[in-house]
Structure formats: structure tokens, C-alpha cells
Amino acid sequence: MLDLNRLKALHAVSVYGSVGAAAEALMVTPSAISQQLAKLERETGAVLIERNGRGVKLTDAAGLLAEHAERILALVETAEADFEALRGAVVGRLTMAAFPTAARGIVPRALTTLKRQHPDLDLLVYEREPERQIRELARGDLDLALLQDWLNRPMALPEGLSRTTLLDDVADVVVPADHPLVKADRVRLSDLAGDDWISSTPGTVCHDFLVFLLRSEEREPRIVCMADEYPTQLALVAEGHGCALIPRLGRGPLPEGVAVLAVQPPPVRRIYAVWRTDAARRPAIRAAADALRAAADALRPAPDALRSAPDALRPAPDALRPACSEPLGG
């Protein structure tokens, strides 16, 4: 009988292209992958791996078995999800990850709801960058992920993953408190295109989005400081070193010495919950998605608060607007 763990190792080598990459994806050592493949060769009586220079390549037999392994692993997950759905109980282990601002702004409230409503659900939560989340979700290390995309970089999901939209999150420009535009109700990005900027490092989603926005104003951005943590960016702004584009979700208290300028049109990123399609019937996935949607809904400012807020602090019209959601499993 074929061992599922060995099939999973073969499938990982097929997907990631090498024993080392498969080992990294499955969070084991390369020797553990090699041992699993050797045992699988003995089980099947077929040669699965051939040397190819310094690396290895899959034989035709291995490629055929890897295709079957993908279907088998998907069927196992579907069977587990169907069995949980039949029981109807929100139980078992649920592993979730979120990028940092969602981990601060959405996840804590959602966890409170889940623990109160489903005390038998065993929760494990990580803070992860989006690219890592997608890899871990696709290979089964995560059950649910919170991801984002911006206007210039739509999120492309691998086959077999589904999503629902939680929130449209607006970003504002944060400037030193003595900035000439500090009393403006709304600014256009073109008004600030010539300023010094503070951003995350090149290659990150937020850095690329800022560069895209400023170049769309036909100005090459002058980035003078780079830091991946928003509190660090805010501290640099407070000392007068430049402006920063900061999303509202998970922003936290602002330091003294800064002012927030609402941008027109507002820069928006969309926040998603993502899961494996084969696991969509798990009651735990549905319960977690519901809790995340409720936590996102709670971020909407009350109408009375909007009417009474000073214009400079009033969110832009679409700020933190929950966007329409796709049905769970779709």
C-alpha cells in the first residue's frame, strides 16, 4: 500500500522542482525527503529519481505517480472535510496566518469570537507575509490565510484555492505636523509627488504600490528611508524625514509630530480570507471565515461618528468599506 507521507514528498518534489525546495516547503530536511523517495521506490519497484548534474529529475514513472498523488491527497482532504461537515461540529485544529496589519487589525477580534463560540476548536495563528502564506496554504501547512492586493498587483491564486473578500482598506499619507498641506481636507498625490518619502524595502507589495502611484503622477519617487515596519516609518515621519503611505487597518496610535492627509482618490488595498477549495466544507473553515468577516465589519465607523468627526480626521468615503464577498467554497 502506498504511504501518504511518501506520496506527499514525491508531489512536493514535482511541484517545487528539487529535493531541497521540497524539503523547505514541507519544513523537513533534504535527507528526510530522499529517504521517503527511496522507500517509495521500494514500494513501487520503480525508479523515481535520476541524477541530473548536481540535482535530480523525476522519471516518467515518478511523473505519473506524482499526478496520481495530487489527486489522492486532494481526495483525502475532501474526505476529511466531508466527514467534519457530516459531524457538523466546529472542532479539530485550525491553523491560520495573516500579514502583520491584518494580524493586528482583524485577527484578535476574530479569535475572541471563535474561542467564545467554539471552545473545542484548537487554534494556531502565525504572522506571515503574503507570499509565504500562499505557499504554505497550497501545500496544506495552513488552513486559512489573510492576504492582500493593491490596484497595481492583483492577487493571483494557484489552482485549488478559494477566497472571500473581507475589507477594502484605505491608505492615507502621513506627513510631519508642520507640512504645508496639513490643514487640507483632501490632497491629491500629485500635490506630494515631489516630497521625500519613507517606504518599505524594494520588492515588497507596499513599496511597489507607492512607486506605482508616484510614477503615475509622472514623478520618480525620492525615497530617502526604507523600513518594513509601519511604526518605524511613523517615527521617521514624526522627526521630519519624509512622508509615508500608511494603511488604516492595524495602524495603531499615531505618534506626536505627525498629521494624516486623506488622499483623493483614495489608495485602496483589498483584504481576503483564502482557503483550499477541497477543505471548504469543514465547519471550522466556515466558522473562521464568518468570524473574520464579523471582525472586518466591526471596523466600519458608526454614522454618528462620521458626522461628528473633524474633516481632517474623517475617513474618505470608501474607507474600510467591506467589499462584496464570494460564497465560501467558490
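Read-outs throughout are calculated quantities, based only on the coordinates presented, and are distinct from any laboratory measurement. Worth saying up front: this structure is predicted, and the values here are computed from it rather than measured. All Cβ positions, even for glycine, are placed from backbone atoms using ideal geometry, and neighbour counts span all protein chains on display.
Candidates M155, V187, V174 compared by Cα position along the dipole of the chain: farthest toward the positive end lies M155, with charges placed on Cβ. Put simply, the amide H of G92, placed in the peptide plane, has neighbours under 5 Å in D122, leaving out anything fewer than 5 places away on its chain.
Labels on offer are (1) 20.0, 78; (2) 23.6, 76; (3) 21.2, 70, and the one holding Rg and Dmax of the Cα atoms in Å computed from this structure is (2). Over all projection directions, the Cα-based convex hull of the range 4-85 averages an area of 5.5 nm². Top mean-square fluctuation among E136, E127, E159, Gaussian network model of the chain, C-alpha springs under 10 Å? Residue with maximal mean-square fluctuation among E136, E127, E159: E159. Taking the C-alpha atoms only, the angle from helix 283-297 to the longest principal axis of the chain is near 10 degrees. For the chain, the longest principal axis of the alpha carbon atoms and the long axis of helix 60-87 meet at an angle near 70°.
A crude spin-label estimate for the pair R300 and S31, with each label 7 Å from Cα along the Cβ direction, gives 5.7 nm. To the nearest 0.05, what FRET efficiency results for Y126 and T204 with a Förster distance of 25 Å applied to their C-beta separation? Taking R0 as 25 Å, the efficiency between Y126 and T204 is 0.85. Compared with the alpha-carbon gap, the fully stretched path from R153 to A21 is longer by 45.0 nm at 0.36 nm per residue. Listed by chain and number, the lysines whose C-alpha is less than 26 Å from the C-alpha of K57, apart from same-chain residues fewer than 8 away, are K8, K39. Close amide H partners of A227, meaning residues 5 or more places away or on another chain with modelled amide H under 5 Å apart, are S199, S200, T201. Against the main long axis of the alpha-carbon atoms of the chain, helix 107-117 sits at an angle near 60°. From the square roots a ≥ b ≥ c of the eigenvalues of the alpha-carbon gyration tensor of the range 240-283, which class results: rounded (a/c under 1.5), prolate (a/b over b/c), or oblate? In terms of gyration-tensor shape, prolate.
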